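Heads up, the thing below is written out as structure tokens.
The values are calculated or read from the model by the stated rules, or taken from the named source; none is laboratory data. The shown structure was predicted, so the numbers you read here are calculated from the model rather than taken from an experiment. Every residue, glycine among them, receives a Cβ derived from its backbone with ideal geometry; neighbour counts consider all protein chains shown.
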Amino acid sequence: MNRTFIKYAFLLILAASLFAFSACVTVEMNGSNAQNGEPTAVVLNGQPQSAEATQQPTQDDRVLPTDPEYVEGEVEDTDSSKFATERRVVSGDSYKSNFFERPFTSQTMDYLPAVDILYGYISSDDNFFIYTIILAGVDYETNTLLGSYGVEMDIDADGRGDYSIWAKDPVSTTWTSENVRIFKDTNNDVGGKDKYTSDAPSAGNGYDQELPNTNAEAAFARVMPEYPTVVQIAVHRALVENPAEFLWGVWADNGLQDPGQFDYDDHYTYKDAGSPISGNQYYPLKAVYACDNTCRRTYGFYPDYRIPNMCWSGGPVLTPTPGFGIIFFPRLIPTPKPPIIK
Ligand SMILES: [Ca+2]
Ligand SMILES: [Ca+2]
Ligand SMILES: [Ca+2]
Ligand SMILES: [Ca+2]
């Protein structure tokens, strides 16, 4: 056995144990204890409004993200493939609390593996926060990731998202800023009146300002080389005000795709949004469809109180075990599964 093998074996074991450990302490974000009852749905239509988007020339001489080898935080999400053939989910969707598990078409409830998040990770380097989103599969027809993949960052930890960064229909396996867009909420109305629950129907302007992605400090995305179901989004620290402490959560959205309507559950009533849970009075999905998000993890701080949208189990956020703060990364990616239906 050579040293490399031993090292990888060790890391694999470490990763596996960490994984099991974190699975125990991870809060089911959209648990079945959807205390607030039915969701309110917000609908965004069509593609994100285009802001004279200004694509960067192909030759990019800006500072690019590095290859993240380690993760500094993870969030687990419901795997909806389990009940996909039954066109329903059994957990993970708590509409009124802004937790969505909706990787299905509207009305017909066809399963969409390319918008079914399984895991989200955060890594970083000197210049970037790098988010990794693992999807259940690729789109059945295009064999690619189809939709908008994004991250919301709450940089003042008030429970309201402040920035959202999106990559649409990513295909490049090298870092590109093409089709990567950055939105900011300038009037703090993401989350609506009550940041803990749905305010629908209300009409704030959500993430109302698009920032140019052509400056030296930019955001990039790529499909992870050799992993077609994994997308990575790298956000230059300076773009989001260099936060040391913040919350982050990830998204997949091939439905509304409209940051201006965030939070969706403040715009669309539960009834209009529909529900993916069979037996729910609002089943099936309607206006808020083909999307998935995770609860948010903290980065750089460990509160013992509940912040809206945070993954929450009723106790303090666990600090990383010394020596286990980062785990070997690509070994955790599940093998893509074959199509289940269709
Ligand atoms: Ca999911
Ligand atoms: Ca905030
Ligand atoms: Ca709200
Ligand atoms: Ca706003």
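Are any residues in the range 256-313 outside any loop (DSSP other than H, G, I, E, B), over 19 Å from the mean Cα position of the chain (by Cα) and of a type outside the set (A, V, I, L, M, F, W, C), and if so, which ones?
Those that are outside any loop (DSSP other than H, G, I, E, B), over 19 Å from the mean Cα position of the chain (by Cα) and of a type outside the set (A, V, I, L, M, F, W, C): His267, Tyr270, Lys271, Asp272, Gly274.
Restricting to the range 147-172, count the residues that are surrounded by fewer than 18 Cβ atoms within 10 Å (Cβ to Cβ), more than 16 Å from ligand 4 (Cβ to nearest atom) and over 16 Å from Ala234 (Cβ atoms).
Looking only at that region, the number is 2.
With more than 16 Å from the chain's Cα centre (by Cα) and modelled with pLDDT of 95 or more as the only criterion, which of Ser164, Ser202, Ser198 stands out?
Exactly one of Ser164, Ser202, Ser198 is more than 16 Å from the chain's Cα centre (by Cα) and modelled with pLDDT of 95 or more, namely Ser198.
Residue by residue, here is whether (1) surrounded by 12 or more Cβ atoms within 10 Å (Cβ to Cβ); (2) modelled with pLDDT of 95 or more; (3) not aromatic (Phe, Trp, Tyr) holds:
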{"residue": "Asp272", "(1), (2), (3)": "yes, yes, yes"}
{"residue": "Pro276", "(1), (2), (3)": "yes, yes, yes"}
{"residue": "Tyr282", "(1), (2), (3)": "yes, yes, no"}
{"residue": "Lys286", "(1), (2), (3)": "yes, yes, yes"}
{"residue": "Ala290", "(1), (2), (3)": "yes, yes, yes"}
{"residue": "Arg296", "(1), (2), (3)": "yes, yes, yes"}
{"residue": "Tyr305", "(1), (2), (3)": "no, no, no"}
{"residue": "Cys311", "(1), (2), (3)": "yes, no, yes"}
{"residue": "Gly315", "(1), (2), (3)": "no, no, yes"}
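Residues in the range 207-221: is at least one buried (at least 18 other Cβ atoms within 10 Å of the Cβ), at pLDDT 95 or above and within 16 Å of ligand 3 (Cβ to nearest atom)?
yes
For the subset of the range 87-131 comprising residues that are away from ligand 1 (no atom under 15 Å from the Cβ) and part of a strand (DSSP E or B), which member is surrounded by the most Cβ atoms within 10 Å (Cβ to Cβ)?
Tyr131
Looking only at the range 48-104, which residues are basic (Lys, Arg) and at pLDDT below 90?
The one that is basic (Lys, Arg) and at pLDDT below 90: Arg62.
Quick one: in the range 172-195, of everything that is more than 16 Å from ligand 3 (Cβ to nearest atom) and among the basic types (Lys, Arg), which residue is farthest from the chain's Cα centre (by Cα)?
Among those that are more than 16 Å from ligand 3 (Cβ to nearest atom) and among the basic types (Lys, Arg), it is Lys184.
Among the residues in the range 159-174, are any of a type outside the set (Phe, Trp, Tyr) and over 29 Å from Met224 (Cβ atoms)?
Yes, the range 159-174 contains at least one residue that is of a type outside the set (Phe, Trp, Tyr) and over 29 Å from Met224 (Cβ atoms).
Inspect the range 96-118 for any residue being among the hydroxyl-bearing types (Ser, Thr, Tyr) and within 16 Å of ligand 3 (Cβ to nearest atom) and give the result as yes or no.
Among the residues of the range 96-118, at least one is among the hydroxyl-bearing types (Ser, Thr, Tyr) and within 16 Å of ligand 3 (Cβ to nearest atom), which makes the answer yes.
Can you confirm whether the range 135-146 contains a residue that is within 14 Å of ligand 4 (Cβ to nearest atom), in contact (Cβ under 8 Å) with a residue 24 or more places away in the chain, on the phi < 0 side of the Ramachandran plot and of a type in the set (D, E, K, R)?
No.
Kindly indicate the residue of the range 138-159 that is within 18 Å of Val75 (Cα to Cα) and not hydrophobic (A, V, I, L, M, F, W, C) and also nearest to ligand 2 (Cβ to nearest atom) among those meeting that condition.
Looking at residues that are within 18 Å of Val75 (Cα to Cα) and not hydrophobic (A, V, I, L, M, F, W, C), I get Asp154.
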